[in-house]
Structure formats: structure tokens, C-alpha cells
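Colleague: Before we start, here is the structure in question, set down as C-alpha cells.
The values are calculated or read from the model by the stated rules, or taken from the named source; none is laboratory data. Not measured: the values here are computed from a predicted model. When we count neighbours, we look across all protein chains shown, and the Cβ atoms used for this are built from the backbone with ideal geometry, even at glycine. Please note that ligands, DNA and RNA were not included when accessible areas were found on the heavy atoms of the full protein model with its side chains. Shrake-Rupley method; radii C 1.70, N 1.55, O 1.52, S 1.80 Å.
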Amino acid sequence: MNMEFIRKLPIPKEIKEEYPVTKRMEEVKAKRDAEIRDVFEGKSSKLAVIIGPCSADCAESMEEYLARMRVLADKVSDKLVIIPRIYTGKPRTTGEGYKGMIHQPNPEEKPDMLKGILAIRDLHMHALRDYDFSCADEMLYPENHRYLNDLLSYVAVGARSVEDQHHRMTASGFNIPVGMKNPTSGDLSVMMNAITAGQHSHDFIYRGWEVHTHGNPLVHAILRGYTDSRGNSFPNYHYEDLEKTVRLYAEKNLQNPGVIVDTNHANSGKKYAEQPRIAKDVLFSCRKNPEIKKIVKGLMIESYLEDGAQKIGDGVFGKSITDPCIGWEKTERLVLEHADLV
């Protein structure tokens with residue numbers, strides 16, 4: 001085997017025992033879970049806004065972002081449920097580049113998985129303990145989910161993972177919303193098959209255990225646009241795309257039909273500043289069609305303290321080192337205007 005075993009890492013149970021959640025944190029998360037569940041079950045008229053940087057690359061800038069977002073979330077709490085993105089793993093198309101905080105808690109240093117595990121748990125714990133936010137993370141590695149599963153209120157399965165059987169079956173064992181993105185090719189049947197798999201029960205091997213899942217009725221769609229064989233971006237957030245998604249759900253016997261629209265990635269053609277316009281377009285479609293309004297549960301937005309992106313080592317506090325994001329001024333305006341439109 002062409003693989004070097006470096007060291008045995010602590011299992012999730014050991015990490016949780018060393019870094020436990022408090023009773024108050026459990027209560028905050030339970031309240032948040034119920035509020036978010038009501039959105040996806042159609043019991044609440046609020047919309048979810050899953051918002052934050054492309055990658056959580058720096059604990060200090062993320063805490064500054066969370067502190068500002070706490071104030072903003074309180075202003076719009078009657079209309080919106082803010083779910084901060086703390087994405088600790090970064091998928092790479094070619095395998096090259098920064099792979100997220102779990103790999104490199106300091107992007108300028110070598111990978112250190114033990115430090116990474118501790119760093120991502122510490123960051124999510126800060127969000128819950130200090131800012132009353134149970135957050136969203138991408139399930140890039142299903143085996144790693146249990147390091148954070150007592151802290152998260154939302155999980156996304158990315159465009160490159162959505163067809164993977166292990167991701168689908170693992171999602172079927174969660175009791176929080178899991179968003180399945182459409183694949184980079186744009187084939188919505190892949191996304192719908194992933195939702196179907198996630199809502200049904202399965203028997204499989206997980207972390208050395210034989211497990212049985214009961215199905216997750218909160219698994220839903222995320223529309224993120226797509227690219228063709230030449231690398232050209234095409235959106236799928238328009239009225240006609242949402243109408244098509246309504247029809248696809250009608251053809252399936254699925255619980256809680258729901259869509260989150262990702263306003264960046266191929267939907268914006270990676271023109272990050274287009275995100276506020278795309279958000280308004282989605283809400284306009286909701287006003288025009290009650291069936292669209294019924295299934296659209298919210299938006300996913302890439303946002304940080306500063307506009308754009310930078311290279312690792314440039315040193316701009318709160319500026320993305322992966323995909324470009326809108327800065328705080330645009331973020332605040334978008335969220336407040338979004339609440340007014342709802």
C-alpha cells in the first residue's frame with residue numbers, strides 16, 4: 001500500500017469528552033433545531049439564510065464575523081433564520097490547494113489533522129456558546145461528521161459528493177436538514193435521487209459499525225448552477241428553473257419538498273457581487289408563484305468581512321482565501337433588504 005500511517009487520531013467520543021457542550025449549549029441548539037425544522041416542514045413562514053465565507057480559514061476573523069452576524073440576526077429574527085456557514089473542509093476539483101481548516105488550521109503551515117480536528121470543534125463551540133449560533137458545515141467527509149454532530153444544525157452535501165452512496169446513506173441517519181446540491185453537470189435527476197436516498201432507511205457500515213438509519217425527512221435540494229464541458233457557467237435559480245424543481249418534486253413521493261438557492265458558484269458565474277441581485281430574483285419568483293414560494297426555504301450566500309478573495313499569505317483580515325465573497329457592508333444590506341421583501 002502506497003500510504004504512510006502518521007498517527008492514530010482520537011475518535012469523536014474522546015474529543016467530545018475533552019471538549020464537551022454545556023447544558024445551556026444543548027438547550028440553545030435544541031431551540032435552534034426546532035426553529036429551523038419548522039422552516040423546512042412548512043410550519044414557519046420564515047426563510048433560512050445560510051450565510052458565511054466560502055471556507056472558515058481563520059478563527060479570529062470568523063469570530064468577528066459571528067459577533068456582527070449575531071447583532072444582524074436579532075434585527076431580522078421575525079422574518080429570517082440566520083444559519084452561519086462555518087465550512088471547515090474545502091473540496092478541490094483537482095485535489096490541489098487549501099483543503100480547509102480540518103487539514104490546515106493555519107493555512108500558511110503544513111497540514112496537521114489533530115490540530116485541525118481540535119480547531120474546527122473549538123470554532124463551532126465558540127459559535128454556539130458565545131453567539132447562540134448552531135451553524136452549517138459541509139459534509140465533505142462522512143466519517144468526520146461525528147466530531148461536530150452535537151454542534152451543527154444544518155449540513156450540505158456538495159456538488160462533487162452528491163452522487164456518492166456513502167454521503168447519501170449517512171445523511172439518511174441525521175435529524176437535521178441536509179441539503180443535496182445539484183452536481184456540477186447540472187443533472188437535476190442526480191440531486192433528486194440523492195434526496196430520495198437520504199429520505200429512506202439504509203443498512204451499511206459506518207465508522208466500523210453496522211448501522212441502520214431511519215431516513216431523514218429534512219433532506220432537500222440546493223440549486224447552485226452548473227458548468228458545461230467547456231467550463232461555461234449556467235444558472236438554475238430563475239423562475240423556470242424553480243418551476244421545474246416544483247414539477248420534479250411532484251413526480252416523487254418525498255417529504256417536505258424544499259429548495260435552497262445558492263446565490264454564488266455557477267449561479268453567479270463566480271461573480272460574487274451578483275449575489276444580492278440573485279437573491280431578489282428568487283424572492284420575486286416566490287411572489288409570482290405560490291408553488292415556488294412553498295418549496296423555496298431560503299438562500300445560501302457566500303459572505304465575509306471583506307469583498308473578494310486573496311492569496312494565502314496576503315494577510316487581509318476577513319478576506320476569503322478560496323472563492324470570493326461579498327463583504328460585510330453588502331452582507332448587512334442584503335440581509336436587511338431580504339427581510340423586508342419577505
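Colleague: Here are some conditions: (1) open to solvent by 20 Å² or more (accessible area, probe 1.4 Å); (2) closer than 19 Å to residue 237 by Cα. Residue 156 meets all but one. Which one does it not meet?
Modeller: All conditions are met except number (1).
Colleague: State which residue pairs qualify: first residue of a type in the set (Lys, Arg) and inside the stretch 31-57, second residue part of a strand (DSSP E or B) in any location, beta carbons under 8 Å apart, and separation of 6 or more residues or different chains.
Modeller: As it stands, the answer is 32/153; 46/80; 46/81, since those pairs meet every condition given.
Colleague: Report, ordered by the first and then the second residue, all pairs with beta carbons closer than 6 Å, sequence separation of six or more or different chains, a first member in the stretch 1-28 that is closer than 22 Å to residue 112 by Cα, and a second member that is loosely packed, with under 10 Cβ neighbours inside 10 Å and basic (Lys, Arg).
Modeller: Close Cβ pairs satisfying both conditions: none exist.
Colleague: Still on this structure: Here are the criteria: (1) touching a residue at least 60 places away in the same chain (Cβ under 8 Å); (2) farther than 16 Å from residue 152 by Cα; (3) open to solvent by 40 Å² or more (accessible area, probe 1.4 Å); (4) of a type outside the set (Ser, Thr, Tyr). Tell me which single one residue 71 does not satisfy.
Modeller: (1)
Colleague: Might you let me know whether the stretch 219-230 holds any residue that is closer than 24 Å to residue 301 by Cβ, of a type outside the set (Ser, Thr, Tyr), in contact (Cβ under 8 Å) with a residue 12 or more places away in the chain and part of a loop (DSSP other than H, G, I, E, B)?
Modeller: The answer is yes, given that some residue of the stretch 219-230 is closer than 24 Å to residue 301 by Cβ, of a type outside the set (Ser, Thr, Tyr), in contact (Cβ under 8 Å) with a residue 12 or more places away in the chain and part of a loop (DSSP other than H, G, I, E, B).
Colleague: Would you call residue 313 of a type outside the set (S, T, N, Q), in contact (Cβ under 8 Å) with a residue 60 or more places away in the chain, part of a strand (DSSP E or B) and out of contact with any Phe, Trp or Tyr (no Cβ under 8 Å at 6 or more places or on another chain)? Explain how you work it out, then say what you get.
Modeller: On the way: of a type outside the set (S, T, N, Q): yes; in contact (Cβ under 8 Å) with a residue 60 or more places away in the chain: yes; part of a strand (DSSP E or B): no; out of contact with any Phe, Trp or Tyr (no Cβ under 8 Å at 6 or more places or on another chain): yes.
In short, no.
Colleague: Also: Go through the stretch 231-248 and count every residue that is at pLDDT 95 or above and outside any helix (DSSP H, G or I). Outline the logic, then answer.
Modeller: In the first step, residues of the stretch 231-248 are kept if they are at pLDDT 95 or above; the result is 234-248.
Adding the requirement that they be outside any helix (DSSP H, G or I) leaves 234-238.
The qualifying residues number 5.
Colleague: Still on this model: Filtering the stretch 290-305 down to residues that are crowded, with 18+ Cβ neighbours inside 10 Å and either among the hydroxyl-bearing types (Ser, Thr, Tyr) or free of Cβ contacts under 8 Å to residues at least 40 places away in the same chain (or both), which residue is farthest from residue 179 (Cα to Cα)? Steps first, answer last, please.
Modeller: Filtering the stretch 290-305 down to residues crowded, with 18+ Cβ neighbours inside 10 Å leaves 292, 295-305.
After this cut, where a residue has to be either among the hydroxyl-bearing types (Ser, Thr, Tyr) or free of Cβ contacts under 8 Å to residues at least 40 places away in the same chain (or both) as well, the list is 303-304.
Details: 303: 19, 304: 21 Å.
For the stretch 290-305, the residue satisfying everything is 304.
Colleague: Given the condition open to solvent by 50 Å² or more (accessible area, probe 1.4 Å), in contact with a strand residue (DSSP E or B) (Cβ under 9 Å, 6 or more places away or on another chain), among the basic types (Lys, Arg) and not in a helix (DSSP H, G or I), answer yes or no: does some residue in the stretch 249-270 qualify?
Modeller: yes
Colleague: Here is a further query. When you check residue 273 against the structure, is it within 30 Å of residue 193 (Cα to Cα) and either surrounded by 17 or more Cβ atoms within 10 Å (Cβ to Cβ) or at pLDDT 95 or above (or both), yes or no? Quick ask: steps written out before the conclusion?
Modeller: Working: within 30 Å of residue 193 (Cα to Cα): no; either surrounded by 17 or more Cβ atoms within 10 Å (Cβ to Cβ) or at pLDDT 95 or above (or both): yes.
The answer is no for residue 273.
Colleague: Against the conditions (1) surrounded by fewer than 18 Cβ atoms within 10 Å (Cβ to Cβ); (2) closer than 22 Å to residue 160 by Cβ; (3) among the hydroxyl-bearing types (Ser, Thr, Tyr), where does residue 44 fall short? Just the number, please.
Modeller: Residue 44 satisfies every listed condition except (2).
Colleague: Determine whether residue 212 is in a strand (DSSP E or B), under 30 Å from residue 43 (Cα atoms) and modelled with pLDDT of 95 or more. Lay out the reasoning, then the answer.
Modeller: Details: in a strand (DSSP E or B): yes; under 30 Å from residue 43 (Cα atoms): yes; modelled with pLDDT of 95 or more: yes.
The answer is yes for residue 212.
Colleague: While we're here: Which one of these is of a type outside the set (Ser, Thr, Tyr), buried (at least 18 other Cβ atoms within 10 Å of the Cβ) and more than 19 Å from residue 25 (Cβ to Cβ): 167, 214?
Modeller: 167
Colleague: Further question on the same structure: If you scan the stretch 276-289, which residues turn out to be open to solvent by less than 100 Å² (accessible area, probe 1.4 Å) and part of a helix (DSSP H, G or I)? I'd like the intermediate steps shown before the answer.
Modeller: Taking the stretch 276-289 as the starting set, the residues that turn out to be open to solvent by less than 100 Å² (accessible area, probe 1.4 Å) are 276, 278-283, 285-286, 289.
Listed by number, the residues that qualify are 276, 278, 279, 280, 281, 282, 283, 285, 286.
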